[in-house]
Amino acid sequence: MRSRTLLGFAVGPIATALISLVAVPIVAWAFAPEDVARYNLLQIFVSFSVLLATLGLDQGYVRNFHETKDRAVLLRSCVVPSVVLFGSVAVPALFASGPLADLLLGSDDARTFAVALACSAAAIISRFLSLILRMEERALAFSASQLIPKAVFLGSVALVLMLAVRRDFLSLSTAVLASWVATAAITGWATRGQWILAARARVDRELVRALIRYSFPLIFAGLAYWALTATSAVALRYLSTLAELGVYSVALTFAGAAVVVQTIFSVVWAPIVYRWVAEGTDLGRVDTVMYQVLAVVTALLVVVGSLSWLTDVLLPAAYDDVKYLVLGSILQPLLYTLSEASGIGINITRRTVWSVWCTLAGLACSVTLNLVLTPHFGARGAVVANTVAYFVYFVTRTEASVHTWRTFNRRRLYTITSLSVVGALATVAWGATSGLWYAVAWAALAPVVIWAFRGEWLALRALRKSSVPA
């Protein structure tokens, strides 16, 4: 992948994270914590709808894109089953909007469920259209498809505030709908040539059957990972209070900086390793990159731990606990990023069923700990439960890679990650009793991290100075 293309793909996640950092305080000040919690539930509902309705055919489109001569037929064959499935579920569900709004969104306004369905429909359309941009390596346009939802949402919230519209969940969910409709419209315009051809194409039933055979098993892996990410929020919804879920949601949103690292690394890492395998390159380089990722992960944790008290300046008093929770929240995507490096052997050997089992192991841990901790400790218990679950996911994925591919010395890897998890969870659990001493303790670790990873920092510095792409 060319450096310019890589930079184009990086623009979206970085800009999205920056907009999120602006949007979070605005939403927190403008809306009640309970409505912020419902906003989180809406996002979970939309992501689940996209995951279920696409039937894994979005991944089937990516897998077959370069091997299919008629890409219009491929696009139509992927989209039509998804649209039919979503419509067959969404239309009957509208007749039970009231109960479903209460059950799924914690809202007593039936209109919010109709808005949630509309958000899901627009998100499904945007998903397929953005994949066209991704596969054609239109990097900036693809980044724009990630950026638009956050930018339009922020603009819509600002409009709600300026027009003195009632600040409730219906207004907030309408802002979300506006963001997804704008995304679908703009990506639709950017890909109009492709989807117009697809609209005129026929559905290849044999191709549909082949796509579903390939994609259907991926649904279970996707559902398991969705459940892993959503368990804590769902547990807070039904075992605690919406106010606690609101605090948890804001802490999770501040973890967006780590999601940037996760997104960019996930985009570039697998293709590079597959090229190394094809070229017969010394795969000791994989271990080198893994420890470089560990260095970045640890450094980010130290920075966040030292500065998380700044959230008190940005947020209302109702969110005072966010500064402690953000440490565990940011560690979750960082552990996932590290597992992408240490668990790459699963994909290299094509034994992807191991990914399902690793995800299920993390999910089982999350469900068990949430049932025990969330009713008593609220948001703190939820963060602890999901952070431990991600650590289990990371360890099992690493061990599965060793089992299916090649072994390496993991003592240093596990020692540092274990200490990081213990430090983050200690801050979540007891940070409130320490004043700001927790931040001082994290800041004191900076020289230790610099010294412990001095080799990795020198290698990264050399890589940055090199003009040759990896």
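The values are calculated or read from the model by the stated rules, or taken from the named source; none is laboratory data. All values reported here derive from a predicted model rather than from experimental measurement. We place every Cβ from the backbone using ideal geometry, glycine too, and count neighbours over all the protein chains shown. Ligands, DNA and RNA are stripped out before the accessible areas are found, and what is left, the full protein with its side chains, is counted by its heavy atoms. Shrake-Rupley method; radii C 1.70, N 1.55, O 1.52, S 1.80 Å.
Please pick out the residue among V372, V356, V322 that is buried (at least 17 other Cβ atoms within 10 Å of the Cβ) and within 19 Å of S240 (Cα to Cα).
Working: V372 fails: buried (at least 17 other Cβ atoms within 10 Å of the Cβ); V356 fails: within 19 Å of S240 (Cα to Cα).
Among V372, V356, V322, only V322 is buried (at least 17 other Cβ atoms within 10 Å of the Cβ) and within 19 Å of S240 (Cα to Cα).
For region 325-352, which residues satisfy the criterion of being open to solvent by 10 Å² or more (accessible area, probe 1.4 Å), under 26 Å from Y214 (Cβ atoms) and touching a residue at least 40 places away in the same chain (Cβ under 8 Å)?
Y336, E340, N347, I348, T349, R351, T352 - these are the residues of region 325-352 that are open to solvent by 10 Å² or more (accessible area, probe 1.4 Å), under 26 Å from Y214 (Cβ atoms) and touching a residue at least 40 places away in the same chain (Cβ under 8 Å).
Can S77 be described as touching a residue at least 60 places away in the same chain (Cβ under 8 Å) and farther than 18 Å from Q194 by Cβ?
Details: touching a residue at least 60 places away in the same chain (Cβ under 8 Å): yes; farther than 18 Å from Q194 by Cβ: no.
No, not satisfied.
P33 versus (1) free of Cβ contacts under 8 Å to residues at least 24 places away in the same chain; (2) within 27 Å of S173 (Cα to Cα): which is the lone unmet condition?
Going through the list (1) free of Cβ contacts under 8 Å to residues at least 24 places away in the same chain; (2) within 27 Å of S173 (Cα to Cα), P33 breaks only (1).
Right, V62: in contact with a Leu (Cβ under 8 Å, 6 or more places away or on another chain), modelled with pLDDT under 90, of a type in the set (A, V, I, L, M) and surrounded by fewer than 17 Cβ atoms within 10 Å (Cβ to Cβ) or not?
Taking the combined requirement at face value, the residue satisfies it.
For the condition in contact (Cβ under 8 Å) with a residue 24 or more places away in the chain, within 19 Å of S107 (Cα to Cα) and among the β-branched types (V, I, T), what is the one hit in T174, T183? Steps first, please.
Values: T183 fails: within 19 Å of S107 (Cα to Cα).
The match here is T174.
Being surrounded by 19 or more Cβ atoms within 10 Å (Cβ to Cβ), of a type in the set (S, T, N, Q) and at pLDDT 90 or above is the requirement here; does S173 meet it?
Values: surrounded by 19 or more Cβ atoms within 10 Å (Cβ to Cβ): yes; of a type in the set (S, T, N, Q): yes; at pLDDT 90 or above: yes.
Considered against the rule, which asks whether it is surrounded by 19 or more Cβ atoms within 10 Å (Cβ to Cβ), of a type in the set (S, T, N, Q) and at pLDDT 90 or above, S173 comes out as yes.
What is the one condition in (1) within 24 Å of D58 (Cα to Cα); (2) of a type in the set (A, V, I, L, M, F, W, C); (3) in contact (Cβ under 8 Å) with a residue 60 or more places away in the chain; (4) surrounded by fewer than 21 Cβ atoms within 10 Å (Cβ to Cβ) that A210 does not satisfy?
(3)
Provide a single number: the residues in region 44-80 that are under 26 Å from the mean Cα position of the chain (by Cα), of a type in the set (S, T, Y) and assigned to a helix (DSSP H, G or I).
Here the count works out to 3.
Among what's in region 230-246 and is open to solvent by 50 Å² or more (accessible area, probe 1.4 Å) and among the hydroxyl-bearing types (S, T, Y), pick the residue that is nearest to F377 (Cα to Cα). Quick ask: steps written out before the conclusion?
Here is the first cut: in region 230-246, the ones open to solvent by 50 Å² or more (accessible area, probe 1.4 Å) are 234, 238-239, 241, 244.
When the remaining residues are screened for being among the hydroxyl-bearing types (S, T, Y), the result is 238, 241.
Details: Y238: 14, T241: 11 Å.
The qualifying residue nearest to F377 (Cα to Cα) is T241.
Does F254 fit the bill of being crowded, with 22+ Cβ neighbours inside 10 Å and of a type in the set (A, V, I, L, M, F, W, C)? It would help to see each step written out before you state the result.
On the way: crowded, with 22+ Cβ neighbours inside 10 Å: yes; of a type in the set (A, V, I, L, M, F, W, C): yes.
Here the answer is yes, as F254 does meet what is asked.
Of a type in the set (V, I, T) and surrounded by 24 or more Cβ atoms within 10 Å (Cβ to Cβ): is that true of T404 in this structure? Quick ask: steps written out before the conclusion?
Details: of a type in the set (V, I, T): yes; surrounded by 24 or more Cβ atoms within 10 Å (Cβ to Cβ): no.
Answer is no for this residue.
Taking into account only those residues within region 411-433 that are modelled with pLDDT under 90 and either in contact with a helix residue (DSSP H, G or I) (Cβ under 8 Å, 6 or more places away or on another chain) or within 18 Å of V303 (Cα to Cα) (or both), which is surrounded by the most Cβ atoms within 10 Å (Cβ to Cβ)?
Going through region 411-433, the residues modelled with pLDDT under 90 turn out to be 431-433.
Subsequent filtering for residues that are either in contact with a helix residue (DSSP H, G or I) (Cβ under 8 Å, 6 or more places away or on another chain) or within 18 Å of V303 (Cα to Cα) (or both) retains 431-432.
Details: G431: 24, A432: 14.
Per the criteria, the residue is G431.
With respect to G222, is the statement that it is without any contact (Cβ under 8 Å) to a residue 60 or more places away in the chain and either more than 16 Å from the chain's Cα centre (by Cα) or open to solvent by less than 30 Å² (accessible area, probe 1.4 Å) (or both) true? Steps first, please.
Numbers: without any contact (Cβ under 8 Å) to a residue 60 or more places away in the chain: no; either more than 16 Å from the chain's Cα centre (by Cα) or open to solvent by less than 30 Å² (accessible area, probe 1.4 Å) (or both): yes.
Considered against the rule, which asks whether it is without any contact (Cβ under 8 Å) to a residue 60 or more places away in the chain and either more than 16 Å from the chain's Cα centre (by Cα) or open to solvent by less than 30 Å² (accessible area, probe 1.4 Å) (or both), G222 comes out as no.
Assuming T281 fulfils every condition listed in (1) open to solvent by 30 Å² or more (accessible area, probe 1.4 Å); (2) at pLDDT below 80; (3) part of a helix (DSSP H, G or I) apart from one, which condition is it?
Looking at each condition in turn, T281 falls short on (3).
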